[in-house]
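The values are calculated or read from the model by the stated rules, or taken from the named source; none is laboratory data. For clarity, every value in this text was computed on a predicted model and none was experimentally measured. Counting neighbours? That spans all protein chains shown, and the Cβs are built from the backbone with ideal geometry, glycine included. Protein only, heavy atoms only, side chains kept; ligands, DNA and RNA dropped before computing areas. Shrake-Rupley method; radii C 1.70, N 1.55, O 1.52, S 1.80 Å.
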Amino acid sequence: MMSQASVLVIEDDAVFQSIVKNYLTQLDYDVRCTDSGHEGVRLCRQLTPDIILCDLKLPDISGLQVIEQLLSSHADLPIIVVSASESMTDIREAVGLGAWDYLVKPIESLTVLNEAIQHCLNRYQLEETYLHDRYELDDHIQVLYQDDALVRRLTHELLPTGPMELNGYRFQFDLTTDEPSVWLDFRPLLQGKVLVLLASPQNATEQRLIPLLVFKTLLDPLLRQHLSGHDESIIEPAKLLTHLNDELCHSRIRTAFDVLVGVVDTRSGEWRWGQAGDRIRSEPQSRPDLALGIWQHASYHQSTIIGPHKITGRLANIADVMIQRDLPQTDVPPYPDKADSY
């Protein structure tokens, strides 16, 4: 049986390296390992693996140098940093250089590692598919859009299953078209917070579902890191928009996105939000910044208000988002207050 993907592990901790190799081998990955940064670069150029797992602290050169050298010759190579460092400086540097994900050791469950690998592989495949669609109309895309049931299912997965209620807040949405080109999400976070997101691509082709699915894969690692207690950037809209913009500009997805993203604290009543692109109208209002995916050095800001009775976001002729505080307090968060593994 052929392995599902080839993985190169660059890790100088012999025990952790052995654990990871045995685990991934059992999952049918083709795994090669080294404890040297220089050797990792050489093996990558020789073997061209599907994905790299790289520590930051190596005996010869730093993991950041490894990332920089690898991406200078393999610009689209998915690299996941697996490091004991929780420093936001290290995380920002690794992501800024082009790492696709960042996991903090010790990893409580190795399933998180497998999920991260699958997220990166899925994102890579989606980008490959979209690139073919842009220039050749790839056969798989043709099949996808000839299958109405599959398109409906994938589109449905980008929408909430229905209204959500938490601590006196009601989160709901309304679609104004039968074929929405939108990703809309109400995602419970830690400590009674809820992530609210409305995103739509600006390209006018029929195949807008593909860039939306790619865009969705960019948020998943940040959500997982937040729920495991390792990263709070997802609750800072300005940081989140900056991260997503950087990822989109580094990817081959040449699509701009209009985005409204915010966090409702259902306990304090705070609404913190940011906006990219000018097609979405929000209330309370905020000044929209540049749409995502246009300019790598674009800057994003966020606004904060305490206790609004009603929050709305509207993408004309596509979708409306409504958040209203008019229910009895329940004081039951969807997740524990402490950081649990996800």
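General observations
- Residue within segment 34-43 that is under 21 Å from LEU219 (Cα atoms), among the hydroxyl-bearing types (Ser, Thr, Tyr), assigned to a strand (DSSP E or B) and in contact with an Asp or Glu (Cβ under 9 Å, 6 or more places away or on another chain) present: no
- Residues satisfying the stated conditions in segment 222-242, i.e. in contact (Cβ under 8 Å) with a residue 40 or more places away in the chain, buried (at least 23 other Cβ atoms within 10 Å of the Cβ) and touching a helix residue (DSSP H, G or I) at 6+ places or on another chain (Cβ under 7 Å): ILE234
- Answer residue from segment 49-69, given it is without any contact (Cβ under 8 Å) to a residue 40 or more places away in the chain and more than 20 Å from LEU113 (Cα to Cα) and is least open to solvent (accessible area, probe 1.4 Å) among those: ILE61
- Residue in segment 294-311 that is closer than 15 Å to LEU198 by Cα, modelled with pLDDT of 95 or more, out of contact with any Lys or Arg (no Cβ under 7 Å at 6 or more places or on another chain) and open to solvent by 20 Å² or more (accessible area, probe 1.4 Å) present: no
- Flag if LEU198 is at pLDDT below 90 and not charged (D, E, K, R): no
- All positions within segment 289-310 that are part of a loop (DSSP other than H, G, I, E, B), more than 13 Å from LEU244 (Cα to Cα) and among the polar types (S, T, N, Q): GLN302
One line per residue, one yes/no per condition, for (1) assigned to a strand (DSSP E or B); (2) more than 13 Å from the chain's Cα centre (by Cα):
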position	(1), (2)
LEU184	yes, yes
VAL196	yes, yes
ASN203	no, yes
VAL214	no, no
PRO221	no, no
GLN225	no, no
GLY229	no, yes
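- Considering residues of segment 73-105 that are under 12 Å from ASP55 (Cα atoms) and assigned to a loop (DSSP other than H, G, I, E, B) only, the residue most open to solvent (accessible area, probe 1.4 Å): ALA84
- Contact annotation: residue pairs with Cβ atoms under 8 Å, 6 or more positions apart or on different chains, pairing a residue in segment 180-203 that is free of Cβ contacts under 8 Å to residues at least 40 places away in the same chain with a partner that is charged (D, E, K, R), are TRP183/LYS216.
- Candidate set from segment 172-189 (those that are crowded, with 20+ Cβ neighbours inside 10 Å and farther than 20 Å from ARG279 by Cβ); member that is modelled with the lowest pLDDT: LEU189
Listed here are the residues, each with its yes/no results for (1) assigned to a helix (DSSP H, G or I); (2) of a type outside the set (A, V, I, L, M); (3) at pLDDT below 70.
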residue: LEU121; (1), (2), (3): yes, no, no
residue: LEU126; (1), (2), (3): yes, no, no
residue: ARG134; (1), (2), (3): yes, yes, yes
residue: LEU144; (1), (2), (3): yes, no, yes
residue: ARG153; (1), (2), (3): yes, yes, no
residue: ARG170; (1), (2), (3): no, yes, no
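- Flag for ASP326 being open to solvent by 10 Å² or more (accessible area, probe 1.4 Å), without any contact (Cβ under 8 Å) to a residue 24 or more places away in the chain and either over 22 Å from the mean Cα position of the chain (by Cα) or more than 19 Å from LEU159 (Cα to Cα) (or both): no
- Within segment 88-107, the set of residues being touching a residue at least 40 places away in the same chain (Cβ under 8 Å) and more than 18 Å from LEU223 (Cβ to Cβ) comprises GLY96, GLY98, LYS105.
- Scanning segment 7-18 for residues being surrounded by 15 or more Cβ atoms within 10 Å (Cβ to Cβ) and without any contact (Cβ under 8 Å) to a residue 60 or more places away in the chain gives a total of 6.
- Of all residues in segment 19-33, those satisfying the criterion of being touching a residue at least 12 places away in the same chain (Cβ under 8 Å), part of a helix (DSSP H, G or I) and surrounded by fewer than 17 Cβ atoms within 10 Å (Cβ to Cβ) are ILE19, TYR23.
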